[in-house]
Amino acid sequence: MASSELGLKLRLVEVRYGAPGINLYKLAACDGTSLPPFEPGAHLDLEVAPGLLRQYSLLWPQASPDCYEIAVQEAAEGRGGSRAWHRLSVPGEIYPSSLPRNLFALRPAAATSYLFAGGIGITPIISMYRKLVAENRPVQLHYWTRGPEAALFHAELGAVSDGSVRLHHTSGPAPRLADVLVNVPTDAPLYCCGPTRMIDAFDQLTVARPLELVHRERFAAAPIETGPAGGFSIRLARSGGSLEIGPNETVLSACLAAGIDLSYSCEEGVCGACEVRVLSGSVDHRDQVIPPAARATSTVMMACCSRGLTTLDLDI
Ligand code: FES
């Protein structure tokens, strides 16, 4: 994402304890104006430190019109973003931010929605749960953590007594995702957010379900898939002309070097910011945004990592 696209300036106004290693951060508009509203599943691209852009799910509902709230888990093996929050951020600090973007939105449905969360993946999922409950829509939430002490929002979720919330503690006997999914009707919309292993399992377990009902979001980058990295050509339908993409380049890097402005954020195939429409050609999808089962029919690609198996005509 070009820094010019970081349209908001947010001031950290409050830090709260959430769970071990997880803090909740409230960010307010620097000029005191109302911030753009958002729906559950939306996230911000926040510049945590100069040049260090990270994505954080927004907690819904908004506590006040001029404030957003995010949860950040400190990851010892992380890439620096969570450490910057936990070790360096103090109220008053100002962060450039994108507007809310939503690649993980709830869809209208009459059937019960099934929500699956692992660890810090609860942040978009609890937002969806709150919204579905507020709208009196049927929902089942399954949340896996090591134990009750590790669960974010444990007091809120533990107090639900209508059977719509199942808290699974993996330090003891707990059902696996597979054990739960086997009993979920095939017409149910599914939403999953959690660590890489959980999303990989979710992808495998839902491969036979209708694609339009299966939604998931990764919060950490899996290694970008590799494969033969030959060069290929792209033709630019809107800008005109064509570019050669070398074995060590990406569509994104080649376009930026040629002065063509493309949106991007994570550059790791996770966030979906660099999505471009493919008008023709065959794509070697290497991102984590498009579920494997949807790749064959996908009409978009992630410019930061996916490659052409043939010359690609792109809507750029
Ligand atoms: S920039 Fe995030 S998926 Fe490409």
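Descriptive notes on the structure:
- Sub-7 Å Cβ pairs linking a first residue in the stretch 52-67 that is charged (D, E, K, R) to a second residue that is in a strand (DSSP E or B) and surrounded by 17 or more Cβ atoms within 10 Å (Cβ to Cβ), at least 6 apart or interchain, are 54/46; 54/48; 66/28; 66/29, ordered by first then second residue.
- Enumeration of residues in the stretch 159-176 that are surrounded by fewer than 10 Cβ atoms within 10 Å (Cβ to Cβ) and among the polar types (S, T, N, Q): 161
- Going through (1) in contact (Cβ under 8 Å) with a residue 12 or more places away in the chain; (2) assigned to a strand (DSSP E or B); (3) farther than 23 Å from residue 106 by Cβ one by one, residue 32 falls short only on (2).
- Filtered residues of the stretch 243-256 (kept if in contact with a strand residue (DSSP E or B) (Cβ under 6 Å, 6 or more places away or on another chain) and surrounded by fewer than 13 Cβ atoms within 10 Å (Cβ to Cβ)): 244
- Residues that are under 21 Å from the mean Cα position of the chain (by Cα) and closer than 25 Å to residue 292 by Cα are absent from the stretch 147-156.
- Restricting the first member to the stretch 113-136 and to residues that are in contact (Cβ under 8 Å) with a residue 12 or more places away in the chain and of a type in the set (S, T, N, Q), and the second to residues that are outside any loop (DSSP other than H, G, I, E, B) and crowded, with 24+ Cβ neighbours inside 10 Å, the beta-carbon pairs closer than 6 Å and six or more apart or on different chains are 123/57.
- From the options 80, 7, residue that is over 21 Å from residue 275 (Cα atoms) and within 20 Å of the chain's Cα centre (by Cα): 80
- Some residue of the stretch 257-274 being of a type outside the set (Lys, Arg), buried (at least 18 other Cβ atoms within 10 Å of the Cβ) and in a strand (DSSP E or B): no
- Residues being away from the ligand (no atom under 14 Å from the Cβ) and not in a strand (DSSP E or B) - total across the stretch 275-287: 2
- In the set (1) closer than 30 Å to residue 198 by Cα; (2) crowded, with 22+ Cβ neighbours inside 10 Å; (3) of a type in the set (A, V, I, L, M, F, W, C), the condition left unmet by residue 293 is number (2).
- The stretch 64-111, subset assigned to a strand (DSSP E or B) and among the hydroxyl-bearing types (Ser, Thr, Tyr), residue surrounded by the fewest Cβ atoms within 10 Å (Cβ to Cβ): 64
- Condition check for residue 185 on (1) closer than 23 Å to residue 69 by Cβ; (2) surrounded by fewer than 16 Cβ atoms within 10 Å (Cβ to Cβ); (3) touching a residue at least 40 places away in the same chain (Cβ under 8 Å); (4) not charged (D, E, K, R): one failure, at (1).
- When the stretch 296-310 is filtered for residues that are within 11 Å of the ligand (Cβ to nearest atom) and assigned to a loop (DSSP other than H, G, I, E, B), the ones remaining, listed by number, are 303, 304, 305, 306.
- Sole exception among (1) more than 16 Å from the ligand (Cβ to nearest atom); (2) under 30 Å from residue 205 (Cα atoms) for residue 247, by number: (2)
- Check on residue 237, away from the ligand (no atom under 14 Å from the Cβ) and at pLDDT below 90: no
The values are calculated or read from the model by the stated rules, or taken from the named source; none is laboratory data. These numbers were taken from a predicted model, which means no experiment stands behind them. Note: ideal-geometry Cβ built from the backbone for every residue, glycine included; neighbour counts use all protein chains shown.
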